[in-house]
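To keep things clear, I will list the structure first and then write my remarks on it.
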């Protein structure tokens, strides 16, 4: 007899959708991640007239109050069959939904704020060159702008992307001794730009600090690695007993990978 599947239901009252994560349906789960709570941003944007709970139509008013405050614009739009203007001051684009143009409506749904998700040109660079270097706190200072896939902050300097920590380190501590020096973190937090946590280190020093702090991704901790430490010990014992190609076939790697192990170019740290 087939087993009966019991569905988990979203914990939000009157939702009824299947739960996808954290006891929430996909809609409410994404809303929680995006906005920090379960409130719907589109219902928080109502007419600016006190006591009016009607949804936005244009220029921060519902349709009725928009017609009262801007009768000429309202009449012209109605006669020409055109949409009213976006409620964001200075936008000037026709509305698409909830009193906002398409761009501001997308920002509303994504960030909970029709003007969210944008920064003024030069703000990130100013933060890296002036604000972060002057920070005096002891706790990590999290980079508040764009991030690279690896977790480091990103800032553009003359149109070229750089690690934010490197730009802040140079502004706070001067130029690196050599171009090969890294902007290392004492706190082991890549997104931190607290100048007290940053220092110049050679690649070997930086890697040594990672090993000492347990944050290095060498060996089995490397996401693309196939071999384990036990495999490497076995491979070393097999040296000279069979061809490198056969050893590689036993462990699912190429003969080139076996050759690198024998020559000490990889896994040399493993004793």
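Which length gain, in nm to one decimal place, applies between residue 205 and residue 160 when the Cα-Cα distance is subtracted from 0.36 nm times their residue separation?
Gain in length upon complete extension: 13.5 nm.
Once the piece of chain linking residue 26 and residue 187 is laid out straight, how much longer is it, given 0.36 nm per residue of separation minus the C-alpha distance between them?
54.4 nm
Could you compute the FRET efficiency for residue 230 and residue 175, with r as their C-beta to C-beta distance and R0 at 51 Å, rounded to 0.05?
0.70
Only Cα pairs under 8 Å and at least 6 apart count here; give the relative contact order of segment 45-111 as a rounded whole percent.
25 percent
Return the FRET efficiency for the residue pair residue 237, residue 97: r is the Cβ-Cβ distance, R0 is 51 Å, and the value is rounded to the nearest 0.05.
Approximately 0.15, to the nearest 0.05.
Using a 7 Å offset from the Cα along the Cα-to-Cβ direction at both residue 271 and residue 142, what is the distance between the two label points in nm, to one decimal?
My value for the distance between the label points is 4.0 nm.
No value in this document is a laboratory result; all are computed from the given coordinates. Just so it is clear, the structure is predicted and the values come from calculations on it, not from any experiment. Cβ coordinates were reconstructed from backbone atoms using ideal geometry, including for glycine residues, and neighbour counts include every protein chain displayed.
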